[in-house]
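Following: one structure in structure tokens, then a few remarks.
All of the numbers you see were taken from the coordinates with simple rules; none came from a lab. From a predicted model like this one, the values you see are computed outputs, not experimental measurements. Quick reminder, even Gly has a Cβ in these numbers, built from the backbone with ideal geometry, and neighbours come from all protein chains shown.
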Amino acid sequence: MIKKFSLLLAGLAVVLGGVSCTTSNASQVLGYDKHGMPQYCDQTKEMKVRTTAYHAKEWDHKKYKTKSAAGTELKYGEVRSAAADWSRYPLGTKFKIDGLPFTYVVDDYGSALVGTNTIDLYKMSAKEMRWWGVRKVDIKILEWGDYEKSEEILKGRRKYRHCRQMHDALKKRLSSAADLPTDA
């Protein structure tokens, strides 16, 4: 009971933005999302995430064909596309999944991903998507994406609830970062 209460309080602190990360606790788990996956500090480079898969012929992606939310072609080769909550993994974030040779780049988002530590991996077919299923994997962030660019793109898409949620979280993040003292 006490452990559950502690986890609830940690999660609430993350939601309310009351937890700050320092270099000394960069890999500290701050709370958990609705799937029970840990939430990490921004500086964390290695983490466990929940992954799912999607493909361009799913009903909710058909109108976009093979275009990502960034307006680029979805990638499937040595570099592969991934979708995520841009307020957690901003546009352009590059990462590797432990044990796989590919580099993934976040260039898409999805409404079911908002508020979660889930990353959706682009697959070429429904068969490959089903084969992947849902997996908890270890990832290594190679390069963090651009929070400002993510916010700029989402600003024009606020009529959609999930875009509005990501945009609001990004605005809060960016205004908090502007309030931090600089080391100049």
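A few remarks follow.
- Stretchable slack from residue 79 to residue 34, in nm (0.36 nm times residue separation minus alpha-carbon distance): 13.3 nm
- Evaluating 6.51 cos²θ - 1.76 cosθ + 1.60 at θ = phi - 60° for every residue in segment 83-97, the Karplus couplings come out as 10, 7, 6, 5, 7, 9, 10, x, 3, x, 4, 10, 8, 10, 9 Hz, glycine and proline recorded as x.
- Nitroxide proxy distance, nm - points 7 Å out along Cα→Cβ at residue 111 and residue 138: 3.6 nm
- Across segment 137-146, computed HN-Hα scalar couplings (Karplus, 6.51 cos²θ - 1.76 cosθ + 1.60, θ = phi - 60°) run 10, 9, 10, 10, 6, 8, 7, 6, x, 10 Hz from first to last residue, x flagging Gly and Pro.
- Charge sum, other residues only, whose C-beta stays under 14 Å from residue 99's C-beta, Lys/Arg counted +1 and Asp/Glu -1: +2
- Sequentially through segment 158-169, phi angles give Karplus couplings (6.51, -1.76, 1.60; θ = phi - 60°) of 5, 5, 9, 3, 5, 5, 4, 5, 5, 4, 4, 5 Hz, Gly and Pro residues having no value and appearing as x.
- Put simply, the amide H of residue 142, placed in the peptide plane, has neighbours under 5 Å in 94, 95, 96, leaving out anything fewer than 5 places away on its chain.
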